[in-house]
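Read through the structure below, which is laid out as structure tokens, and then see the notes.
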Amino acid sequence: MAVHGTTQATAVRTPNRGLRWLRRNVVAIAGLCTLGYLILPNIVVMVFSFNKPNGRFNYQWQRFSTDAWRDPCGVADLCGSLGLSLQLALWATVGATVLGTMIAFALARYRFRARSGVNTLIFLPMAMPEVVMAASLATLFLNMGIQFGFWTILIAHIMFCLSFVVTAVKARVMSMDPRLEQAAQDLYASPVQTFLRVTLPIAAPGIASGALLSFALSFDDFIITNFNAGSTVTFPMFVWGSAQRGTPVQINVIGTAMFLVAVVCVVVGQLAGARKRSKRS
């Protein structure tokens, strides 16, 4: 009877131990599942970048080949549209970051009339569907007689990315300790020196995050670009058009290269941050 009772107690404790382990690690398991779900499409794109399809569509695996990697610009207008998207994303990032940083400082540091209204207007592009903003800008350009092309896309991208930069920078500026700037002024630092040596370094992470977000949003935007591009073709528009005629493997190559560059940037940033924290400790 004692042996039988011990066996039952062990059988009861084993499920409880498993449940306790599951409760302790449920967040980590859910995070890993979510991460795998997000990365899975990138892995599929990466695998099919080494495919050599028999027809025009790169949707079924046929055989391994590195032809697309050896000639990523083998498809007409692919690298041209890619370069145009990179150029637009770069200039849109610069414009949105400069304007958004100034607006964020004004909203966080000063009190003025219609400040709440400006905050609402800044938030609207993030809340409304992209198609609404795209159609509004297209109507504006048509009424003003502006020809669609590079500049209309750039203006639309800056308008779209501006809200995200303001939100990121404003959150960073509002969390700053004003006593740091006051201490710099007590040490006879000029307003310019205080801004360059105290304020700007503290706000730099928010500015950098806003700039990176603007670059990513501008580069892969399709809806706003499609409304305001005219005959100009960016990389997302090229991908959309190719999907109707036949998707070349080179698109997967470009997507894989972009994903790997992003991963490298994130890893380098994490390593630099860890190294800086270890030096401080």
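The values are calculated or read from the model by the stated rules, or taken from the named source; none is laboratory data. All of these numbers come straight from a predicted model, not from anything done at the bench. For neighbour counting, all protein chains shown are included, and Cβ atoms are generated from backbone atoms with ideal geometry for every residue, glycine included. The accessibility values were calculated without ligands, DNA or RNA, using every heavy atom of the protein model including side chains. Shrake-Rupley method; radii C 1.70, N 1.55, O 1.52, S 1.80 Å.
Given the structure, is ASN252 buried (at least 16 other Cβ atoms within 10 Å of the Cβ) and in contact with a strand residue (DSSP E or B) (Cβ under 9 Å, 6 or more places away or on another chain)? Judged against the criteria, ASN252 is a match. Residues of segment 230-239 that are touching a Gly at 6+ places or on another chain (Cβ under 9 Å) and either open to solvent by 30 Å² or more (accessible area, probe 1.4 Å) or outside any helix (DSSP H, G or I) (or both): GLY230, SER231, THR232, VAL233, VAL239. Against the conditions (1) under 29 Å from the mean Cα position of the chain (by Cα); (2) open to solvent by less than 50 Å² (accessible area, probe 1.4 Å); (3) farther than 15 Å from ALA243 by Cβ, where does LEU40 fall short? Just the number, please. Only one criterion in (1) under 29 Å from the mean Cα position of the chain (by Cα); (2) open to solvent by less than 50 Å² (accessible area, probe 1.4 Å); (3) farther than 15 Å from ALA243 by Cβ is unmet by LEU40, namely (2). Take PHE227 and tell me if it is closer than 18 Å to ALA89 by Cβ, open to solvent by 80 Å² or more (accessible area, probe 1.4 Å) and over 16 Å from the mean Cα position of the chain (by Cα). Against the criterion (closer than 18 Å to ALA89 by Cβ, open to solvent by 80 Å² or more (accessible area, probe 1.4 Å) and over 16 Å from the mean Cα position of the chain (by Cα)), PHE227 qualifies. In segment 64-80, the count of residues that are closer than 30 Å to ASN51 by Cα, open to solvent by less than 60 Å² (accessible area, probe 1.4 Å), free of Cβ contacts under 8 Å to residues at least 24 places away in the same chain and among the hydrophobic types (A, V, I, L, M, F, W, C) is one or more.
Determine if segment 130-137 includes at least one residue that is farther than 23 Å from PHE219 by Cβ and touching a helix residue (DSSP H, G or I) at 6+ places or on another chain (Cβ under 7 Å). Spell out how you get there, then give the answer.
Just the residues of segment 130-137 that are farther than 23 Å from PHE219 by Cβ, to begin with: none.
No, there is no match, as no residue in segment 130-137 is farther than 23 Å from PHE219 by Cβ and touching a helix residue (DSSP H, G or I) at 6+ places or on another chain (Cβ under 7 Å).
May I ask you to list the residues in segment 102-112 that are farther than 14 Å from PHE164 by Cβ, of a type in the set (A, V, I, L, M, F, W, C) and either open to solvent by less than 30 Å² (accessible area, probe 1.4 Å) or outside any loop (DSSP other than H, G, I, E, B) (or both)?
Within segment 102-112, the subset farther than 14 Å from PHE164 by Cβ is 102, 105-112.
Add one more test, that the residue is of a type in the set (A, V, I, L, M, F, W, C), and what stays is 102, 105-108, 112.
Residues satisfying the conditions are MET102, PHE105, ALA106, LEU107, ALA108.
Got at least one residue in segment 111-128 being closer than 30 Å to VAL253 by Cβ and in contact with a helix residue (DSSP H, G or I) (Cβ under 6 Å, 6 or more places away or on another chain)? Reasoning before the result, please.
Initially, segment 111-128 is screened for residues closer than 30 Å to VAL253 by Cβ, giving none.
The answer is no; no qualifying residue exists.
Every condition in (1) closer than 28 Å to THR256 by Cα; (2) loosely packed, with under 14 Cβ neighbours inside 10 Å holds for PRO53 except the one numbered (2). Against the definition (touching a residue at least 12 places away in the same chain (Cβ under 8 Å), touching a strand residue (DSSP E or B) at 6+ places or on another chain (Cβ under 8 Å) and open to solvent by less than 80 Å² (accessible area, probe 1.4 Å)), how does SER85 come out, yes or no? No.
Scan segment 48-101 for residues that are of a type in the set (Phe, Trp, Tyr), in a helix (DSSP H, G or I) and farther than 17 Å from SER218 by Cα and jot them down. Before the answer, list the steps.
First, the residues of segment 48-101 that are of a type in the set (Phe, Trp, Tyr): 48, 50, 57, 59, 61, 64, 69, 91.
So of that shortlist, the ones also in a helix (DSSP H, G or I) come out as 48, 69, 91.
Matches in segment 48-101: PHE48, TRP69.
Right, ALA183: surrounded by fewer than 18 Cβ atoms within 10 Å (Cβ to Cβ) and within 30 Å of MET133 (Cα to Cα) or not? Answer is no for this residue. For segment 114-162, taking the residues that are farther than 20 Å from PRO236 by Cβ and β-branched (Val, Ile, Thr), the one that is surrounded by the most Cβ atoms within 10 Å (Cβ to Cβ) is identified as ILE122.
For segment 256-272, state whether one or more residues are assigned to a loop (DSSP other than H, G, I, E, B), of a type in the set (Gly, Ala, Ser) and at pLDDT below 85.
Start the filter on segment 256-272 by keeping residues that are assigned to a loop (DSSP other than H, G, I, E, B), which leaves none.
Among the residues of segment 256-272, not one is assigned to a loop (DSSP other than H, G, I, E, B), of a type in the set (Gly, Ala, Ser) and at pLDDT below 85, which makes the answer no.
From (1) over 23 Å from MET133 (Cβ atoms); (2) surrounded by fewer than 20 Cβ atoms within 10 Å (Cβ to Cβ), pick out the condition that doesn't hold for ALA203. The single condition ALA203 does not satisfy is (2). Scanning segment 80-95 for residues that are closer than 12 Å to HIS157 by Cβ and not hydrophobic (A, V, I, L, M, F, W, C) yields a count of 4.
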